[in-house]
Amino acid sequence: MLVRLPTSISEAQECLAEGAVPVGGATLVWATWQRDGFPELAMSLRELPAANTVAPGTLGAAVTLSRVGEEMPEVLRRAASTIGTGAVRRSATVGGNVVGSTLRCLLPAALVLDARATVLEADRVYETDLAEVVAKRPLLLGLRWRDPVVSGYHKDAADAGGPPPFVVGAAVHARGDGRRTLRVAARDGYEVLSESLPYEGDPEDAVRLLERTDFGALPAEARASVRRVVTDVLTRSADA
């Protein structure tokens, strides 16, 4: 298998045009390749500057989870820190988790940040929403968002090899009119749900509104976790 390491967008597009298979940390595809055979040509974005950005409001797809640090919003930082072992986080990438993984542990965090995705194709670079990324699994260059006022995250404890643990994230965003918006997203099993609603200052009102959405159909323990995270971020946002 030949692995190309493009250092520019145009070079990466040439690789795609030649049929190169994109790989990140290869933590998700290695076993499959060993079973089914390796591709003749692969491409890693680890040398591509546009895919390695770590800055406020921006995170490249080739960034390993271990590099998601203090400059990132709490919800994203805590989501990355709970994925796998330290060895996995030093290899697994943001793009591999959001696009390649069935668990998509970072997706709820990205959703509550209202993140936009930058995507690379052989003939163009474009920005799209996370719904398209999940549906079409394109080659992700990175994520971009406006930092929230405050955010929070919770992941249930889980046994190795068991079902995916429940995950919930929440963030409060400032609007141009001076009001605020609450965004909440959760992963229940392999399903991800998200909601956005105006926030006027009473956490209990926000929780009641959320209960009228698909979040109200979650199991009681999951609803309790959502309530704790939402109440926490709304309480902290009052002082922010």
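The values are calculated or read from the model by the stated rules, or taken from the named source; none is laboratory data. Note that the structure is a prediction, hence the values are computed from the model and not measured. Cβ atoms come from the backbone with ideal geometry, glycine included; neighbour counts cover every protein chain shown. The protein model used for the area step is the full one, side chains on, heavy atoms only, and it has no ligands, DNA or RNA in it. Shrake-Rupley method; radii C 1.70, N 1.55, O 1.52, S 1.80 Å.
Remark: the chain carries a charge dipole of roughly 340 debye about the Cα centre, counting +1 on each Lys and Arg Cβ and -1 on each Asp and Glu Cβ.
Going from most exposed to least, what order do His173, His154 have by accessible area with a 1.4 Å probe? Before the final figure, lay out each step's value.
Details: His173 25, His154 55 Å².
My answer, sorted largest first, is His154, His173.
Accessible area per residue for the stretch 142-219 is 52 Å², calculated with a 1.4 Å probe on protein heavy atoms, without ligands, DNA or RNA. Surface listing: Thr32, Thr181 arranged by accessible area from highest to lowest gives Thr32, Thr181, probe 1.4 Å. With each label modelled as a point 7 angstrom along the Cα→C-beta vector, the Asp214-Gln34 pair spans 3.6 nm. Couplings 3J(HN,Hα) of the stretch 99-104, computed from phi: 9, x, 7, 6, 7, 6 Hz, in residue order, whole Hz [Karplus 6.51 cos²θ - 1.76 cosθ + 1.60, θ = phi - 60°; x for Gly and Pro]. Please work out the Cα center distance from the stretch 193-237 to the stretch 43-83, rounded to the nearest Å. Cα centroid of the stretch 193-237 versus Cα centroid of the stretch 43-83: 27 Å apart.
Under a model in which nothing but the beta-carbon of Lys, Arg (+1) and Asp, Glu (-1) is charged, the stretch 104-177 shows a dipole of about 60 debye around its Cα centre.
For Tyr153, the solvent-accessible surface with a 1.4 Å probe is about 10 Å², rounded to the nearest 10. Close amide H pairs (under 5 Å, H built 1.01 Å from N) link Ala20 with no residue at least 5 positions away or on another chain. Each other residue within a Cβ distance under 12 Å of His154 adds +1 if Lys or Arg and -1 if Asp or Glu, for a net charge of +1. Inter-label distance, Ser66 to Val21: 2.5 nm, where each label sits 7 Å from its Cα along the C-beta direction. Farthest toward the positive end of the dipole of the stretch 69-225, out of Val167, Ala117, Gly95, is the Cα of Gly95, where the dipole comes from beta carbon charges about the Cα centre.
Helices in the chain that qualify as membrane-span-like (whole DSSP H runs, Cα extent of at least 20 Å along the helix axis, mean Kyte-Doolittle hydropathy of -0.5 or higher) are 220-237.
For the stretch 1-122, the square roots of the Cα gyration tensor eigenvalues, ordered a ≥ b ≥ c, give a/c of at least 1.5 with a/b no greater than b/c, which places it in the oblate category. Considering only Arg77, Arg187, Arg228, the mean-square fluctuation computed in a Gaussian network model of the chain, springs between alpha carbons under 10 angstrom, is largest for Arg228. Dipole magnitude for the stretch 34-126: computed about the Cα centre from +1 point charges on Lys and Arg Cβ and -1 point charges on Asp and Glu Cβ, it is near 280 debye.
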